[in-house]
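Everything below concerns the one structure shown next.
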Amino acid sequence: MPKAWVVPDNVDTDVIIPARYLTTADPVELGAHCLEDLDPTFASAVELGDVVMAGTNFGCGSSREHAPLALKGAGVSVVIARSFARIFFRNAINTGLAVTVSPSAVEGADQGDDIQVDLAENVVRNRTKGTTHDAEPLPPFLLDIVAAGGLVPWVAHRQASGGKS
């Protein structure tokens, strides 16, 4: 059961992964320090498949791919936000971290809620509260990039298959 980790507005990339850990690009090592300045228990308590429910402007600040890598390395399956900083949103897709915008889902979520996300159907379900929320649709090619694990694996697959998905 994927549980919600609720974070406030304006969580910047230095909060997602502090600059002092940018000596590596290993997602697992980065994940061990993910969000530690916001919640020191996050990295040790987050479980594979958990969901971050974020306020507005999530991922603002520096353009660092380490931030979505840290979230993936910690086990986060998707970030649902009221809004994203544009560069974080693109870096998330490029590194294969699922992201979606659903203000109503974030509004109704509490820490630990059981959250189910269907990006293909643009739906976020809060099974704890029994509510269903619309999410902004992602174009199919972005869903394909996330499913492939990021832009580089997606391009490699397309090249290997002669340009077919």
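The values are calculated or read from the model by the stated rules, or taken from the named source; none is laboratory data. Because the structure is a prediction, the values reported are computed rather than measured. Using ideal geometry, Cβ is built from the backbone for each residue, glycine included, and neighbour counts are taken over all protein chains shown. The accessibility values were calculated without ligands, DNA or RNA, using every heavy atom of the protein model including side chains. Shrake-Rupley method; radii C 1.70, N 1.55, O 1.52, S 1.80 Å.
So the values come out like this:
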read-out: Sum of -39500 (n - 2.57) over DSSP H runs of 4+, divided by residues of the chain (222 nm, nearest 500); value: -8500 deg cm²/dmol
read-out: Probe 1.4 Å, accessible area per residue of region 39-124, Å²; value: 37
read-out: With all protein chains modelled, accessible area of S83 [1.4 Å, Å²]; value: 40
read-out: T128-A156 pseudo-label distance in nm [points 7 Å out on the Cα-to-Cβ vector]; value: 3.7
read-out: Net lengthening on full extension, E29/A147 (0.36 nm per residue, minus Cα-Cα); value: 40.2 nm
read-out: Rounded percent of accessible protein surface that carbon and sulfur make up, the chain, 1.4 Å probe; value: 55
read-out: Accessible-area order (highest first, 1.4 angstrom probe) of the listed residues D37, D118; value: D37, D118
read-out: Sequence of M1, M53 from largest to smallest accessible area, 1.4 Å probe; value: M1, M53
read-out: Probe 1.4 Å - accessible area at D39, Å² to nearest ten; value: 40
read-out: Cβ charges +1 (Lys, Arg) and -1 (Asp, Glu), total dipole of region 1-113, debye; value: 400
read-out: Length released on extending from D39 to D110, taking residue separation times 0.36 nm less the Cα-Cα span; value: 24.0 nm
read-out: Solvent accessible area, Å² - K72, 1.4 Å probe, full protein context; value: 70
